[in-house]
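Single-structure report; data block below.
The values are calculated or read from the model by the stated rules, or taken from the named source; none is laboratory data. Predicted model only: the values in this text are computed from it and were never measured. Cβ coordinates were reconstructed from backbone atoms using ideal geometry, including for glycine residues, and neighbour counts include every protein chain displayed. Note: accessible area is taken over every heavy atom of the protein model, side chains too, but ligands, DNA and RNA are not part of it. Shrake-Rupley method; radii C 1.70, N 1.55, O 1.52, S 1.80 Å.
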Amino acid sequence: MIDSVLVIKVCVIFSLLFSLIVILITLPKQRFVKLWERMDFRGKVDGKYPKYLGKHAISPYIKELRFRSGIPLDDWKKIQGQLEVSFKKEIYSIERDKEDITVIIVFVIEKNLPKFIPWDDKYLTDGAKFAIGESYKGPIIWDASTMPHGLIAGSTGSGKTGIHRCIIHQAIKKYWNINVLDFKGGGDFTDVEREAAEKYRDLEKGYGTILISDPKKARDLLMALTVEAKGRLEIFKKAGVANIDEYNESGQGHFVPWLVVIDEAAELLDVKPKDKAEKEMYSEIDHDLRTLARTTRAAGIHILMNIIRPSADVLDGQIKNNLLWRACGYFSDPSASRIVLDNDRATQLPTEIKGRFIVGDEETQVYYMPPAQKPGPEE
């Protein structure tokens, strides 16, 4: 008798739990059905409402809601404001799933990105990958093995130099060869040589100092790197490999990747020469820079440019098309944003937050790498 009563109680409990689970599962679906009915949001061809497939947190900042729907993506974007009112939360973006075109993903912001993220060496990644910052969709990485050259743009004070410093620091940690072309004379990178010298002392190898502020020395470096790249590619061909990674893994030898940072590229690309000799020098610089950008992907020589005022004169098609990785800070001028990103998104960034960039397609808070402190008199 006792056993039968116990069995009945257990069955009742399981029945209640099952009913509760069913309610919890179907409640969101019913809520969305009512929302679509109220908005009369349905497919024009099949007349069906979007079917709720579930939600998933993809980062601390954002979650995705997935719907199966034949409604065009543009129609979804038109109702974004209504959805934000209904959810009482801001929507980051509405996209179509790349693997299943019948699925629409609504990315809903759960909390805002931090306004400041200090660099920590725990963010270091392997190989030719550089940690850049945090986006709503997760960590942002520059993979120089797939996008060998990069462009960082943004108005004065947006934080461009901070990204450069962060990437240079990581390159030093990876024992890469490094050169920084800085003609502003502001001292933004004067501590880079000291940090590199503390890490390894045989960096120069006849290619000049790490930090270069003289145009003639910059020309000599670019000419030397053009020869270096050609020599590496010839060795790869004889070794039967396609690039620096394959060569280093083959055991036939070892080449060190090279990072060339150009701070304010207009100082090299938009100069009005004063005389014939200067004109020839800058013509050589322009030629070698274009050659490097076009041919050094396999050789492991990477160019990272910084520019304040992008224009078609400075970033013509040939150079721009080889700077595949892009990071863009705030611009008030839509044309500047379009030159870098091919869209106006840089004009929509919050002006009060330093270090906020569009990297690739994602709004990102980049890591902050402060200038190294100079040793004190007792150190």
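Okay, here's what the table says:
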| item | result |
| --- | --- |
| Å² per residue, accessible surface of region 92-144 at 1.4 Å | 51 |
| Length released on extending from Lys88 to Asp46, taking residue separation times 0.36 nm less the Cα-Cα span | 12.2 nm |
| Virtual spin-label span in nm between Thr295 and Ile101, 7 Å along Cα→Cβ | 4.1 |
| Fraction of accessible area attributable to carbon and sulfur, region 241-370 (%, probe 1.4 Å) | 46 |
| Listed residue pairs exceeding 22 Å between alpha carbons, taken from Lys137/Lys354; Lys48/Lys89; Lys55/Lys98; Lys173/Lys320 | Lys48/Lys89; Lys173/Lys320 |
| Reachable lysines from Lys274, criterion Cα separation under 24 angstrom, eight or more residues apart if same chain | Lys184, Lys216, Lys217 |
| Mean shadow area of region 248-364, taken as a quarter of the surface of its Cα convex hull (nm²) | 9.6 |
| Region 34-82 and region 344-365: distance between their alpha carbon centers, rounded to Å | 26 |
